[in-house]
1. Among the lysines, select those whose C-alpha is under 26 Å from the C-alpha of B:LYS447, and discard any that sit fewer than 8 residues away in the same chain.
2. Which net charge results when you count Lys and Arg as +1 and Asp and Glu as -1 among the other residues whose beta-carbon is under 13 Å from that of C:TYR202?
3. How compact and how long is chain C, expressed as Rg and Dmax of its alpha-carbon atoms in Å?
4. Using only the alpha carbons of region B:291-365, determine the length spanned along each of the three principal axes and report them from longest to shortest in whole angstroms.
5. Note the per residue figure in Å³ for the convex hull of the C-alpha positions in the protein assembly as shown.
6. Name the helices (complete DSSP H segments) of chain B with a Cα length along the long axis of 18 Å or more and a Kyte-Doolittle mean of at least 0.5, or state none.
7. As a footprinting exposure proxy, order A:THR145, B:THR360 by other Cβ within 10 Å, with the fewest listed first.
8. What share of the DSSP beta bridges in the protein assembly as shown is antiparallel, in percent to the nearest 5?
Amino acid sequence: MAQSKKKRFYIRTAILAVLTIAIVFTIYSNVTKEKNAVLREGDKAPDFALVDLEGNEHRLSDYKGEGVFLNFWGTWCKPCATEMPAMDNQYHVYKDQGVQTLAINIGESQLKVNSFKNSHGLTFPIAIDQNKSVMQSYNIAPLPTTFLINPDGRIEKIIKGEMTEQDIADFMEQIKPS
Amino acid sequence: MDKIVCTCGNVNPAGTLLCESCGRPLNKETAEKKLVDMRYEGSARRSQTYNKTIIDKVWNFFSSVKVGVWLIVLILVAASIGTILPQVFYVPATTEEDIAAYYERIYGTFGTLYYKLGLSDLYSSWWFQGLIGMLGISLIIASLDRVIPLYKSLKKQKTKRHFSFLKRQRIYGIGNIENGEESIKKAEEKLKTMRYNVKREGNALLAERGRFSRWGPYINHLGLILFLFGVMLRALPGFYVDETMWLREGETLYIPKTEGYFLESKEFIYETYSKEESEEVFGDAIDRVGTIAKNYQTNVVLHKGPEGAVAGHLDDLTFEKEAAIQVNKPLKFDNFSVFQMDFRLDELASMTFQLQDKETAESFGEFTINLADPKPVYELSEDAKVEILDYYADFTGFEDGVPQSQSPLPNNPAFLVKMYTPEFPKGETSFVMIKETLEPLGENQHKLAFQSVETRDVSGLTVRKDLTLPILMLGGVIFMIGVAQGSYWNHRRIWIQQLEDGQVVVAAHTNKNWLSIKKDMDAVSEVANLPKYEDQQDEDSKAEKEEGV
Amino acid sequence: MVEVSSTLLFIAFVAYLVATFLFGGAVKSSSSKASKSYERWGKLAITVTIIGFLSNIGYFITRWIAAGHAPVSNLFEFTTAFGMLVVGAFILIYFIYRITALGLFALPIAIIIIGYASMFPKEITPLIPALKSYWLTVHVITAALGEAILAISAVAGLIYLLKNIDMTKKSKQRFWIEAVMFVVVLVLGFIVATTSFTLAGYKAEFNYVNKEEQVLKMEYHMPPIFGMNESEAITENRMQPLMEMPPLVNAKKLTIVTWSVIFGTILYILLRLILRKRIAAVLQPFTKKANSQFMDEIGYRSVLIGFPVFTLGALIFAMIWAHEAWSRFWGWDPKEVWALITWLFYAAFLHLRLSKGWEGKKSAWLALIGFIIIMFNLVAVNLIIAGLHSYA
């Protein structure tokens, strides 16, 4: 009798625990779904290959061992335009310290991106994501969005919105290979 | 609590109301009732029997039908509140502020309150999902708690039941008849032809039919549980994809979340019903409503990138298939479906200009700008060309003398151009918009005269993958089987017994459909000469009889 | 074909009316249940009902042929089909239980439903892309059939309550059953109001500003009690709205509702003055021959028969189609939600009955409430709450 009572207790506890955990997990992930992108900090950065305006191919996996400062932008986006000169400054500071800067434009025309680049005097590599596949695989919602990718190829940080020059410098420092 | 030993010798679990074997009432309360409660055969629902630890208490809470009904009612009320105003996903706004502003603007204070209370996104709120989760727990526990004792007690039931059980059945009759033994035998044969499963034990008879319908409720609950489980799985990564894409005619875009699939739009087709084709039948409706849409369709080509290609890849796409995506006819591949959901007609695609002399209107040639990819220079002849210095797809005006574009969509294209002609080999600068031209560096002699535009349509497509569908389907099918089994069949039992004093007792029970069991009883009585039964719950017939109508 | 179709519907409508009186005759005939006269009346009544039903099916089929799709694609067609299926469900239950009183109450409800349906635009509309699917036929007909069978449960509940509520003493139940009668009269009020203004040929056009601040035109077919937001009359010599509504409110629909209430209330008061009794009390004698126990069982069994059909049509087929047409099987569209609410309600009904022993009056009231929810989904959700399903 006592045996069966104990058994009953364990069975009931187990069933209730499994159900509760399953439900709490479901609700938690449903409620937080919108707020978290599919990519999270700490995830492996999805590989891509894009050709920049100069015709050089940039493949993310080729930069293993270096930090990559990956910026998604558009010419119509005002905060993008504001932060780009600062990015350009820091690009020169960190490019020889193993931090690669790459700005990915979301599907605009060559002409527009070129004119933007020239009028703002940008020197870092800019590539155009013509079929929006890189944008999709990085789940870009607002522009600008910046991904800090560390030398291991993992996402160190995701920054949504405009950055100051100090921010940019700090971020580049963060992914500098040691 | 201890087990209850019945006078007949059967050992019943604690909490049993009617002896599983002979049917004697096992406590005073049951014994005092005129009719027995047959809902769970008087078996001991496990939950009611133990109530010691907190786990038992939680278990009993969820096992209660009362709690289950309350949960159903709460979900029902909550769900109805969610339909008072449109939910956020039907609201034409995306950011939090815009949504709040929308509710305020359209629905006033009530709208703001509705939004602030979170009712505008009620169905994805933690508490609503929590209610559904609790209902799921209740489904599992309540079923477990009932189906096992019910199964046991139906299995253990004896053919010979105690008189006290029989006389408390809703359909019951007793009387002296000649040759009782003979009657019971006749009844047995008749019942067998009526597809009853008949058992004998001495001078007692039990005829039973449709017992499997008793499992219906538990099977349909199983189906529901499976369905809810399927819904839960969508929370796991990889099971569920829901993306949208805007695809322009002529464009090839990566299909979000797929393994290297690309979609090219050949053409978007929008058709309406014309009066000519169906004047007779639809004429009135078209007259009243105006245009009625007939078809939304995107003709597409599905491409696949090479194995192992990474994002950003443009070349080496291989043709997979051509398809026409229509409403109700999605494109399907690899667990993915692409649906025709929305469209925008006539987005500007290209503009044609003529370079001409303002006064003489002499032309130096025409050129067409592809708005998705303008070229830096358009050569018109040996000594005339137009250079595009900058391009503003969605021009909104100047800010500190700098032209602004608010989006990359060619809603209002504007160009900063330099026009080279034999007279002006250094070029004249002009700012060309759709309807007007500015000359920022002084009066020009030449202009770009707008000739024509070409437009293209944009298809709004939804990309969906849902690996939980088979589970949901299975849940639905099992639910339907269970619910049909429990609703369209019924469990009937007829007891006939000759008591020691020679009187014959008849009694019958069904979980529903009393009309049919009465008919069965009548049919048996006809051949077997059994005592008259009466429906002990039917007040009307009794009253009628007493009145002598 | 279209004309044949309308004629057949009219024949059905008349047949139902006649059958109602015949059922009334059967129930009222002073002789006892077993008498020949009672049986004759009953037989005649069900025969006329079946003739009407066949004619109704004739309407359905001819309209189907004319339109090229099942005639369930707008409010008129759906509501008419629902009325037809209510009669079908009644015939089915009649042949199980052979209770004439059921016909006396089921047919008028079908008549009112069909009458209500014919207040909407009756022309055949071509299918918009979202409706072009064989699931339209499958989903809508199954759902309507389920609802129709569930409606019979409410009819049985109504008879049970009319019979068993003591009309001589003041009670909550007596109040509410009369309230139900009043609502039925309001529906009649809607039909009377619409018909009289249509016959009078009333028409007035107004410009108004909607909630998105666009200027639109609205045509009234009843004198405008309420005006649309910032409305301006286009038609001359027409009554000006008594009161202007904010853009959120569809003042035209509010006007229709108000007129229906006015007409219905007048109708109700007239009835009370003529009959000098509560309507429920007037109807009570007609239920005398109905056996309560059977009414209770019919109420329960029609839920049992209707519930699986409803689940299949209104939820399962609906989900399959929604997945094909709108890319998701469930989207919390108001109509979907109300179908779920209906389903949950009947689930609660079954649990209360099975496990809590709610029989008799309680069960009858629940059956009535269930029907009210179904009608709410049919009427209010389509007219008031806009959603994906508002095709009409």
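1. The reachable lysines, counting only those whose Cα sits under 26 Å from B:LYS447, are A:LYS112, B:LYS358, B:LYS375, B:LYS385, B:LYS418, B:LYS426, B:LYS435.
2. +1
3. Every Cα atom of chain C included, Rg and Dmax give 21.8, 69 Å.
4. Sorted largest first, the three principal extents are 63, 44, 18 Å.
5. 237
6. What comes out of the filter, once short or polar helices are dropped, is B:65-81, B:126-156, B:216-233, B:469-488.
7. Fewest-to-most ranking of A:THR145, B:THR360: B:THR360, A:THR145.
8. 90
Values in this text are rule-based calculations from the coordinates and carry no lab data. Quick caveat: nothing in here was measured; it's all calculated off a predicted structure. As a convention, Cβ positions derive from the backbone with ideal geometry for all residues, glycine included, and neighbour counts pool all protein chains shown.
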